[in-house]
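The values are calculated or read from the model by the stated rules, or taken from the named source; none is laboratory data. These numbers come from a predicted model, not from an experiment. Positions of Cβ are backbone-derived with ideal geometry, glycine not excepted, and every protein chain shown enters the neighbour counts. Side chains included, ligands, DNA and RNA excluded: accessible areas come from the protein's heavy atoms. Shrake-Rupley method; radii C 1.70, N 1.55, O 1.52, S 1.80 Å.
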Amino acid sequence: DDPNLIKVIDRDQEENLMDLWYTENHQDDTKFSIKVQEHIHSEKSEFQQIDFFRSKTFGTFFTLDGYMMVTEKDEFIYHDMITHIPMAVNPSIKKVLIIGGGDGGTAREVLRYPHIEKVDMVEIDERVVRLCQQYLPLTASKLDQDDRLKLHFEDGLKFVQESADGSYDLILVDSTDPIGPGEGLFTVEFYNNCKRVLSDDGILINQHESPYYASYAHEMKRAHSKIKETFPIAKVYQFHMPTYPSGHWLFGFASKKYDPIKDIKADEWHQLGIKTKYYNTDLHIGCFMLPTYVKNELDNA
Ligand code: SAM
């Protein structure tokens, strides 16, 4: 009964491809649309419906089950914020686990750090990776080019269950929303396993949805309350994502040891000389300063 599953695209006139729009229902009565120049690819994988489109303003973009995942033009925002926040808190991170992230943008950013020795990327759907390599080559650029990266095509929930204690310094959960295959990645069981497989100075970053629309805010609160139960330090940070519902999106930062603001190693991070288009160390502090209504919701989570 999810309208996005049924209506991935709107055709104003069934026969006229010039009037093709991708539309996502952000609320029952609120839609977000992008005029489509070309519907490049459409298939149903074992796990989800996958569609690739081309547009003037956002370049090539793809959706899973009708939900926007990545666009060529704004992906730098999401991938900067999932990666560089934890890396500036602990620039000596060596072992990284990425859950999901099939487009390759998170792996690309992580692999820019020379000290990183190993990245395991666990993506449930191999078709997402293969299609992104074909249609989003700049995002997927490092997926077959860096010996430090190993791809695993399996469920992230099961992968962390089976991973050894303390085996990673950083876990980045770059998943879909908590419906379909991503659902298990928003459970206490998963967060507990993440805590167990992280080293003592490990960091977990995960999707926290959006505070603005009620249905997304509900998921934000659920994720935060479970992470607060699991980790001694659990903070939320915000960024601006033009193509996600309401444009206001959040990640969670959780750690056994580090406070993301007090423990930032700004000088050490600058010495690495990593150039970023969205992230900087001032923004790092600022993004944890949340609007009052968001703070209130999270305090009551
Ligand atoms: N930036 C995107 C967003 O928030 O919309 C997410 C990008 S990435 C494409 C999300 C990936 O998570 C998808 O390719 C999906 O197949 C993968 N995924 C969902 N559930 C998963 C699971 N349980 N284990 C591993 N990967 C999963």
- Sole exception among (1) of a type in the set (D, E, K, R); (2) within 11 Å of the ligand (Cβ to nearest atom); (3) closer than 24 Å to Ile93 by Cα for Lys150, by number: (2)
- Considering only region 237-248, how many residues are free of Cβ contacts under 8 Å to residues at least 60 places away in the same chain and crowded, with 17+ Cβ neighbours inside 10 Å? 2
- region 112-133: number of residues that are over 22 Å from Lys95 (Cβ atoms), touching a residue at least 12 places away in the same chain (Cβ under 8 Å) and of a type outside the set (Val, Ile, Thr): 6
- Query: Quick one: which of Thr23, Thr57, Thr106 is surrounded by fewer than 20 Cβ atoms within 10 Å (Cβ to Cβ), modelled with pLDDT of 95 or more and not aliphatic (A, V, I, L, M)?
  - Reply: Thr57
- Query: Phe62 versus (1) in the same structural domain as Asp51 (by TED's automatic domain parsing); (2) away from the ligand (no atom under 11 Å from the Cβ): which is the lone unmet condition?
  - Reply: (2)
- Task: Give region 147-158 a look and list any residue that's part of a helix (DSSP H, G or I) and surrounded by fewer than 19 Cβ atoms within 10 Å (Cβ to Cβ), or say none.
- Result: Lys158
- Message: So, Arg108, is that one of a type in the set (Lys, Arg), without any contact (Cβ under 8 Å) to a residue 60 or more places away in the chain, in the same structural domain as Tyr216 (by TED's automatic domain parsing) and within 15 Å of the ligand (Cβ to nearest atom) or not?
- Response: yes
- Item | Subset of region 189-224 [surrounded by fewer than 17 Cβ atoms within 10 Å (Cβ to Cβ) and within 17 Å of Phe159 (Cβ to Cβ)] | Glu189, Asn192, Arg196
- Do we find that Trp269 is part of a helix (DSSP H, G or I), under 15 Å from Met81 (Cα atoms) and open to solvent by less than 60 Å² (accessible area, probe 1.4 Å) in this structure? yes
- Of the listed residues (Asp177, Asp165, Asp169), the one being more than 14 Å from Leu250 (Cβ to Cβ) and either within 16 Å of the ligand (Cβ to nearest atom) or open to solvent by 40 Å² or more (accessible area, probe 1.4 Å) (or both) is Asp165
- Message: Scan region 205-221 and tell me whether some residue there is in contact with a Pro (Cβ under 9 Å, 6 or more places away or on another chain) and within 18 Å of Leu97 (Cβ to Cβ).
- Response: yes
- Task: From the list Ala254, Ala301, Ala234, pick out the single residue that is among the small types (Gly, Ala, Ser), part of a strand (DSSP E or B) and open to solvent by 20 Å² or more (accessible area, probe 1.4 Å).
- Result: Ala234
